[in-house]
Structure formats: structure tokens, C-alpha cells
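Have a look at the structure below before the remarks.
The values are calculated or read from the model by the stated rules, or taken from the named source; none is laboratory data. Everything quoted here is computed from the prediction, not taken from an experiment. Every residue, glycine as well, gets a Cβ built from its backbone with ideal geometry; the counts of neighbours run over all protein chains shown. Only protein heavy atoms, including side chains, enter the accessible area calculation; ligands, DNA and RNA are left aside. Shrake-Rupley method; radii C 1.70, N 1.55, O 1.52, S 1.80 Å.
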Amino acid sequence: MDAIVLWLTSLFPQMAVPTARLIVHIVYAAILSFVAPVVLVVAFTYMERKVIARIQDRVGPNRAGPLGMLQGFADAIKMLTKEDITPAGADRIVYNLAPGLAVIGVVLVFAVLPVAPGVIGTDLSIGILYVVAVGGIGTMAVLMAGWSSNNKYALLSAFRVVAQLVAYEIPMVIAIIIVVLTAGSMRMGDIIAAQNVPFLFTLPVAFFIFFVANIAEIGRSPFDLLEAESEIIAGFHVEYSGMKFAFFFIGEYMHLFVSAGIATTLFLGGWRGPGASEASILGALLGFVYFLAKTVLLIFAMMWVRGTFPRFRIDHLLDFGWKFLVPVGLLTLVAVALVLKLPFLSSPVLQWVGLLVANVAVIVVALAAVSLAARRTRSVALRSVAGAER
Amino acid sequence: MNNPTIEKLKTQFPDAVQDVSEFRGDAVVTLSRETLLDAARFLRDDPDLQYNLLVDLTSVDRRDLGIEPRFATVYELYSIPKNHRVRLKVPLPWDDATEMPECPSVTEVWPAANWHEREAYDLMGIEFAGHPWLRRILMPDNWVGHPLRKDYPLGGEPVYFTADREDPRFAHLGRQTMEGPSYPSELPEGVDSETHLVINMGPQHPATHGVLRLAVELEGERIVSANPDIGYLHSGFEKTGENRRYEKFIPYTDRMDYLAGMNNNLAYVLTVEKLLGVEVPPRAQYIRVILAELQRIASHLFWLATHAHDVSGTIHSLLMYCLRERERILDIFEMFCGARLTTTGMSVGGLRRDIPGAFPDAVRAFVRDFRGYLKEYEAMLTDNPIWLSRLKGIGVLKADDAIALGVTGPMLRAAGISFDLRKAQPYSSYDHFDFDIPTATESDSYARYLVRLREMEQSLRIVEQAINRLPGGPVRTDDRKVAPPPREEIDRSMESLIHHFKLYTEGYKPPVGEVYGMAENPKGVLGFYLVSDGSAIPYRLRVRGPSFVNLQATNLLAQGHLLSDLVTLIGSIDIVLGEVDR
């Protein structure tokens, strides 16, 4: 971004550097808040539908445009022409505010997302803390939508969303703390710089916790309880139509991208890769490609899970969050903190190995505890089914 | 006639047994109204009799038969431990002073009678004294009259639509745009809408498998009660059947449980054949078994698909996988009779035509491939921890409760009762084949899941044996009074031409009498009760849909579970609303 500022000032010699910086940032913000939603939603709905279709032995969208690639635009046009409905008895102000908030909450996160070397809205010193703080706005939007719709199903969904997001915010924060501890900073740039070996390989447990909590945070299958259409129809957005519904939709798919992007930054080394550097435009582009590739890979994994997993029940979901993810997270946190302070692990390589060993040890302990618990409650259903009356 | 049941009843209630008759092996005991409850308790509790399953409860309006008194209730009883049946008939003396004839309710003896009695009250206008909540069940609450009475005309009722009443475009529809009289909606008894959240699940809801409405009383997300409200799809199949020739009702049976058309066809034609006393050639019987078992697999596949879909959310892949295999079964049906869903695949006296040459190979190929697919499904679900946690311990229906509620089919077998009519009272040469009845003891949703999966395996075994041992010969009876003669015979024989003419202008006329036919459908016991007055049209046609009876268990199953479990439960009961409402 500094390169662009320099280029601008060289192009217009009379322009001051702060002015050029302001212009660049305004343009970047405009791209993020107006272009990115459209591009991301169209791209990822298409990708999701194609991926799920392949998993399910179907073809997927193939009518609009070549290979159905314009399907997203067709859907957008359809959404725009739909009637805008407000249910009787709805709390109008809150009801109309909620869809906007759902998108704003996600767009705000973009501000600290390093999408390419040097390209970041603002490299806050508390970058990752900001992400967690702003993430709460999305929850608020869902709660507001569910509450104001004057619909019992939406209300149930609002109950669920509070329980679920509180339960999964905590393991997510623990996973983030582990990363911050290891990187020694909350600044996104520093976290990326610290990953000479991506944290995925040194902190696999933290990655797993973050990934699962992330899926729950976005509310995707198998944690899609807040919009479980077979139970509570569509949950919080059951009464929304047209563009207001589309806003939730946009919010969801941007959230998908953003959270995968954060996971990439925290665990996969962000834009880092061979040849990616801040020095040249080419290096920056290469970094952007790396970032995109890693993010799409994570998104693909989430879609894969979505296509093949049954849905959790609300109490099982809370159990899993509180009784498994949180203890395992805390255990890892302690283990990582210890390893980092061990005096004989002075060289980075030794420290990586130490972290990995600590993580593997946590996995072993956790699995042993789970299988012990499972053995205690396992019933004999499988064995009891037998062909009687032979 | 030395039926031990009748002997016992006669000695126990010497004054009450008014008449005993037998027709085509069905024993009918006519009892007086006053002793019905005592006799019912005796039949259920006597150690030699143990009639624990009330298969069906219905009623007959005998106005046109010229029998007094006009109304009678009919109880079809079956003893699972003793494997015998008896039918009770209770004439209801009625003076026109009272609005409806009265009959004591047997709900305290067999809780299964609850909905049956409501249906008889609704459609026939019989008051059941002692019924816990006697309300209309299929017709709207404000309906006038009782459709199954013989003095109730077929058609001609005004249809009320409130929509578009003022619209000039619909003016020509005249009376159809009248406003319906409004009536207060009523919550089921005991529902507390002050302190609990009452939500209307359905009639338009993705997980209710059709137009089922559940008034669900919630405390938080925990279910206090879940009361099914049915009848949205009621289309009067029984009344229609009483105005059609026997053969003409077969297409209607397809449309009851539309996922198991072949099984419905089979149950119905078996009942009519029993009434006529017709023998079906062995080849036709074997082909019927193949079709029925393939249909059972198709029905279970659809159940598995939608069940996984309900439990998991929009896009669980199993939905598509199961439908892919079901498609192949439907292709086989298409090969046989040209139809895929509403097959009308069987006809009275056998089959309309023989199987095409490519049929056996297609069936064999399917059986071979499907074994592998079944393993694939199991790999996806059987040991999946989320699937286990969603199904295990959900909706436990103990064997005693299940039998008392009249629940049959996989739900009963998952409770450890090895009851399957294909074994207990073999029909259509099911006794020629070697197969097991899968059972489980947990009686929860997971047990029902496992039982249905194992049943698919057993069905494959039956299909394989039948296709490999398929006998030759004709596929239709040579009784010219029932089945038309072959085309070339009409050219040669005057007699055949006359038979052909009579059959298509008048139809066949069974002798006067009544039979009850049952068959094991994918969802449970499907029963048909036919009363013949000697004409070509059934005098009384009654359908006992397994979905209708099994659905009664919903409230018992759901209590104390979470709202999410209700979806699992509806799936694991496996209902088709077309059959529930008929």
C-alpha cells in the first residue's frame, strides 16, 4: 500500500503524502465494502453449490452463463425484485436495522485482514483482539433479527444463537491466545512474520479448536442450529424477504471468507509463500494469490464438512463446546506457555519441535479421556440387533 | 365351527354372543353393546386368547343391507403371542330421538382405539361414551354431516374459499367463493398456553413430511406435549371406494402410501381375492413378492434419505445417494408396468401382464449393486458420533406401549417384538422364502434405524431367491369370472366373448360376506375391510393405514425431548400423510 502511495505522489508531485494515503485508504475501503461483497458472495455461492453438488452426485447450477457461473447474478436480480415484507407486530426499527448490521459486522473485520504483503486497512497493534470484539456485532444482528420478527421460530433461533455463540467464542479466544502467546504480538503483521513455520504445524490443536469454533461462529453445518430449516424452518431470517434477506446471505458468505482469512493469517502463514514480498508489485500479487489459495482451501474444507455431517443438537453442541473444546484449549494453553518458557529450548527449531510435541501430547490426553468417557456410556445397541427366528 | 375363541366367549358370556359366523376363514362374533367392554377385557387378558393388538376399529352403516339396527361397530383383533384373529361386531340400537347411536369406548382396554373412534365419530357419526377427547379428526371441525353414512351424497358439497372473493375474474365461480363459517380454533386438552410457548409446527413445515400439523407445547426448547392434527389431505378414499367397482379402487391404493404403491396394491388385491375365493398362479405370486420387496426397499430408502436430511440439514449427501438407488427401483417398475410411483401394478387374480425379458437381469444387477451401497450408507451413519447422539435414547417406545397403541412394523420390531405378517400369516407364498425378521431391543430411534437397514438386507435376500426360483406358467387366474380371457381366445370362443363383455360392463360380483385382509407394508400392517352385498361395488371399504395408527404415538414419544428431537421422531415413525388422511 505504501508503494501505491509513493506512486501516487510521484504522479502528482503537488499532492502531500497524507492526502495520497487518505485517497488510497478510501479507495481500498470502497473496494472492500462495495465490490468485495458482490464478488465474494457470487463466487462462494457458486463454489458452494458446485462442491456440494459434486459430493452429492449431482451437477449443480449449469443454466445461467457458461457452466452456470452467472447463477449468483441471476439470484441477486431475483432478490432485488422480490416484495419487501415486514410482518405485523414486528419491531420495525430493529427489524430493519438487523440485516445491515449483519453485513457491517463482517466488513469491519476486513480492516485488519492482511490480504497481501503490505495491503491491510490498518495494522492495529491489537488487530486480533479487534477481530474478536467486532465479531460480536454479527451475533447482535442475529439476535435482533430473531427478536424483532415477532415469530416464534425466529425467537427460538435467537435463544439458540446466544447460547451457541457464547459457548464457541470462548474456545476461539483461547485458541487465539495460544497464537498470540507464541507470536508475541496481537498485530496481524507480526503474527504473520512469526510464522517461519506456519502455526498449523506447530500448534495443530489450537488450529483444530479455532477451525471448529469458527464453523460454529459462522453457524454452518454441523453447527447450523440457528437456521436449522428442518426444525425451526429458517430461524432468525424466516420473516425476511428480498434484499433484507439477501443482506443476511451476503453477511454469511463474507463471514465465511473473513473467518477463513483470519484462520489463514493465524495458522497458515497468511500471504507468505515463495516469492511473496512487499518490495515489488509482483511479489505483492503473488502474496495475494497465496492468501487466496489458502483461504479457499479452508473454505472448501468447511463445505466438505457441510455436505457429509449430521447436525448437532443444541445441548450436545453446548456440551461439545464447554466440556471438550474449552478444557482441551486450556490444557494446550498451559502446555504451550510452559514450552515457550523452557530454558533449554532456545533455538527456534527446538522450540517448534517442543510445541509440536506438547500439542501431540494434548491430543493423546484428550482422546484418551474421550474414549474413556465413551466406553463408560457405550451401550450394546449394535450387538443386540440380530436376525431373530432363524 | 370349533374356534377356541368363540367357544370361550360363549361360555364366558352366554347371553351376550348374539351370532357367530364364518366367511373365508374369518370368524365374526356379534356381541351385545352392554357386554362389549367386559368381553374386550376378557379377550385381552385371558391367557389362552391374549388379543393384545387392536388392528382396526371401524363401523358399518347397514341401511341398504336392510339389517336392523342400522349401525354397527367392528373390531378386528389380533393376538401377537398366539397368532390368531377374531372380529367382533357390535350392533348399536338407535332410536332416531338421539342424534347419534352410542357405543362404549374401548380406549381404556386398547389405547389404539383413540383415533379410530374419533374417525368413526367423524365419518360415521357414532358417539363413543367414555372417550377422552371425542373430536372430529379428518373433516374440518365445522363440517355438517357424516360422510360415510349411506344417506350422505357423494359430491355436491359447497367448497368455501375466502380468497379472491371480490375479484371479478373469479365471479363466474359463483358459490365457490362463499365465505366459510368461522369457528374458534381449539387447543388440545391440557395444553397450557399461558406459561408455555405453543408453536404450530406445520401444516407447512419442512420436517413434517407433508401436511401434518403439530401443536407443540414448549418449555424453553423442551417439549411438554406434541399433539398431531391431521386431515389436511383427507380425500375420502373410503367413500370413493364404496362407489367404484372393486377393480377400480386399485389406482386409489397407490395414492395412499405413495412411497409403497406396490405394497398397497398387493394388500388390496389379496383382500379382494380372499373375498372372491380366487387362487393366484404361483408365477404371479412370486412376481408380486419381488415387486413388493423392491418397493419395501424403495420406501425404506426414501425414509433413510429424508430422515438423514431432517436430522442433518439441507444438504446432507445421503438424500441424493438414496434417491439415486431408489431411482433404479422405479426404473424396474417402469419396465414392468410403465408407471414409476403410482404403479397400479397388480390386478385382482394375478398380474395384468408378464414381466418383460430384461426384468430378471435388471433386478439381479440391482440386488448386486445395492449390497455395496448399503454398506456405504452404514459407513456414513451407523457409527457416526453425531448421528448416534441424535438418535440414541430418543423416542423410546416400549413393547407394551407399542402394542397397546396398535403400533406395527419396524417400530414394533425395534421394541423387541418379532412380529411380521410375512412370517406370522404368510401370504403370496412368502413361506417359500428364507428370510429373518430383524429386531432390536432398545426401542429408540437408533434401534428403528438399524431395524430398517437390516430389513432392506432381508428384502434383498427375498428378491434374490424369488427371481432365481421364478416358476413358469400363467400370471393370471383362469377364472373367467374374474380375469378377462386372452385376446386370441375371444376370436375362437363365444363363451369367452361373453365373459369378456360381462367383465367389462358389469365387473365381477363377489358373494355376500365380509373379509378383513392384512399385509405387512414397509410402515406396518396395512388392513382392508371389505363388506360385499353381492354387487360389483363394495358396500363398505375400510382402510387401516399403518401411518395413521403409528402417528398416534407421537405425543408419548416426544414428551420430555427437545424440539430438535421432534424432527428425529417424525422421521423415525416414518409416516406418509397420504395414508394418514386417506
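Some observations on this one:
- Coarse-grained scattering of segment B:12-130 at q = 0.11, 0.15, 0.18, 0.19 Å⁻¹, given as base-10 log I(q)/I(0) from a Debye sum over alpha-carbon atoms: -0.34, -0.65, -0.95, -1.06
- Under the criterion of Cα pairs below 8 Å and six or more residues apart, the relative contact order for chain A equals 19 percent.
- All Cα-Cα separations within segment A:77-210 were binned at 5 Å from zero, giving a P(r) of 2, 9, 14, 16, 16, 13, 10, 9, 6, 3, 1, 0, each value a whole percent of the pairs.
- When Rg and Dmax are taken over the Cα atoms of segment B:237-544, they come to 20.4, 71 Å.
- In the structure shown, the pairs B:Lys8/B:Lys239; B:Lys239/B:Lys509; B:Lys274/B:Lys423; B:Lys82/B:Lys274; B:Lys82/B:Lys248 are assessed against 29 Å; a Cα-Cα span above that value is assigned to B:Lys8/B:Lys239; B:Lys82/B:Lys248.
- Other protein chain Cβ atoms within 10 Å, averaged over every residue that makes up B:194-206: 2
- Neighbouring Cβ atoms from other chains, within 10 Å of the Cβ of residues in B:382-389, number 5 on average.
- Buried accessible area, chains B and A (both chains, 1.4 Å probe, Å² to nearest 100): 3800 Å²
- Accessible surface calculations at 1.4 Å, restricted to protein heavy atoms, place chain B at 37 Å² per residue.
- Neighbour net charge for A:Leu40 - beta-carbon separation under 13 angstrom, K R +1, D E -1: -2
- Hydrodynamic estimate: the Kirkwood radius of chain B over Cα pairs, inserted into Stokes-Einstein at 10 °C and 1.306 mPa s, corresponds to D of 63 µm²/s.
- Net charge of neighbours whose Cβ lies under 11 Å from the Cβ of A:Gly189, counting Lys and Arg as +1 and Asp and Glu as -1: -2
- Alpha-carbon radius of gyration plus Dmax, which is the widest Cα pair, for segment B:508-582 in Å: 17.0, 54
- Measure of compaction for the protein assembly as shown (Cα Rg per 2.2 N^0.38 Å): 1.13
- Charge sum, other residues only, whose C-beta stays under 13 Å from A:Ser241's C-beta, Lys/Arg counted +1 and Asp/Glu -1: 0
- Peptide A:158-166 has a mean of 1 when you count, residue by residue, the C-beta atoms of other protein chains within 10 Å of its C-beta.
- Applying a length cut-off of 24 Å (Cα extent along the axis) and a mean Kyte-Doolittle floor of -1.0 to the DSSP H helices of chain A leaves A:36-55, A:92-110, A:127-148, A:152-183, A:242-267, A:281-308, A:348-377.
- In the context of the full set of protein chains, segment A:1-57 has a per residue accessible area of 59 Å² (1.4 Å probe).
- Calculated [θ] (222 nm, deg cm²/dmol) that DSSP helices of n ≥ 4 give over the protein assembly as shown, each run adding -39,500 (n - 2.57): -16000 deg cm²/dmol
- By the compact-protein rule of thumb, 2.2 N^0.38 Å, the alpha-carbon radius of gyration of chain A corresponds to a ratio of 1.09.
- Relative protection proxy for B:286-292, A:175-181, from highest mean packing down: B:286-292, A:175-181 (other beta-carbon atoms within 10 angstrom).
- Apportionment of accessible area to carbon and sulfur, segment B:377-489, percent (1.4 Å): 50 percent
- Length-normalised contact order of segment B:237-544 in % [C-alpha pairs under 8 Å, at least 6 apart]: 27 percent
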